[in-house]
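**Q** Mind having a look at this structure? Questions to follow.
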């Protein structure tokens, strides 16, 4: 009788753990492709940041604030099929020389949060650098497979530390 009660308690606990685990939103890797990745864009802030682009109106806002000196990049964004994709622009921040880079390594979604894992590279000591203001960036197109149509919190993680956050409606 006592063993049967213990077995029932253990079975109940296992079922409860299964239910709790099943209710937690699963982590989903999002597929993405590079649109452009360079070391200069017209961004004057020093801290890393990100922009989420879901339609042509948002491109025009970026053109006036960030892409004014790169009309070809704006044209690439205009060609994106926003019914199937959205874009994320990750900026490393303004640097005082060449030799810096930022690369989006992985994008994952868990519920209504998307985390962009990026790696920044700084020039090694003794590496030849040209003195110039640069602002490295990586622009990616992200597939809209799955359920969207809601406000999503985007978190930029740079070399393991949170670099920026924003919330955006992904139609």
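**Q** Applying the selection to segment 96-120, what residues are assigned to a strand (DSSP E or B) and modelled with pLDDT under 90?
**A** Going through segment 96-120, the residues assigned to a strand (DSSP E or B) turn out to be 96-97, 101-110, 113-120.
Listed by number, the residues that qualify are 96, 97.
**Q** Can you run down the residue pairs with Cβ atoms below 8 Å, 6 or more apart or on separate chains, where the first is in segment 77-94 and without any contact (Cβ under 8 Å) to a residue 24 or more places away in the chain and the partner is surrounded by 19 or more Cβ atoms within 10 Å (Cβ to Cβ)?
**A** 78/59
**Q** Could I ask something else about it? Scan segment 124-136 for residues that are closer than 24 Å to residue 74 by Cβ and either under 12 Å from the mean Cα position of the chain (by Cα) or surrounded by fewer than 15 Cβ atoms within 10 Å (Cβ to Cβ) (or both) and jot them down.
**A** Within segment 124-136, the subset closer than 24 Å to residue 74 by Cβ is 132-136.
Of everything in segment 124-136, those that are closer than 24 Å to residue 74 by Cβ and either under 12 Å from the mean Cα position of the chain (by Cα) or surrounded by fewer than 15 Cβ atoms within 10 Å (Cβ to Cβ) (or both) turn out to be 132, 133.
**Q** Which members of segment 48-70 meet the condition of being surrounded by fewer than 17 Cβ atoms within 10 Å (Cβ to Cβ) and either at pLDDT below 85 or in contact with a strand residue (DSSP E or B) (Cβ under 6 Å, 6 or more places away or on another chain) (or both)? Spell out the reasoning first.
**A** Applying the first criterion (surrounded by fewer than 17 Cβ atoms within 10 Å (Cβ to Cβ)) to segment 48-70 yields 55-57, 60-61, 64-65, 68-69.
64, 65, 68, 69, listed by residue number.
**Q** Is one or more of the residues making up segment 87-94 touching a strand residue (DSSP E or B) at 6+ places or on another chain (Cβ under 8 Å), buried (at least 18 other Cβ atoms within 10 Å of the Cβ), at pLDDT 95 or above and in a loop (DSSP other than H, G, I, E, B)?
**A** no
**Q** Looking at segment 137-164 only, could you name the residues that are under 12 Å from residue 117 (Cα atoms), without any contact (Cβ under 8 Å) to a residue 60 or more places away in the chain and assigned to a strand (DSSP E or B)?
**A** 155, 157, 161, 162
**Q** Looking for something at pLDDT below 95 and farther than 23 Å from residue 78 by Cα - is there at least one such residue anywhere in segment 148-156?
**A** no
The values are calculated or read from the model by the stated rules, or taken from the named source; none is laboratory data. Just so it is clear, the model here is predicted, and its values are computed rather than measured. Counting neighbours? That spans all protein chains shown, and the Cβs are built from the backbone with ideal geometry, glycine included.
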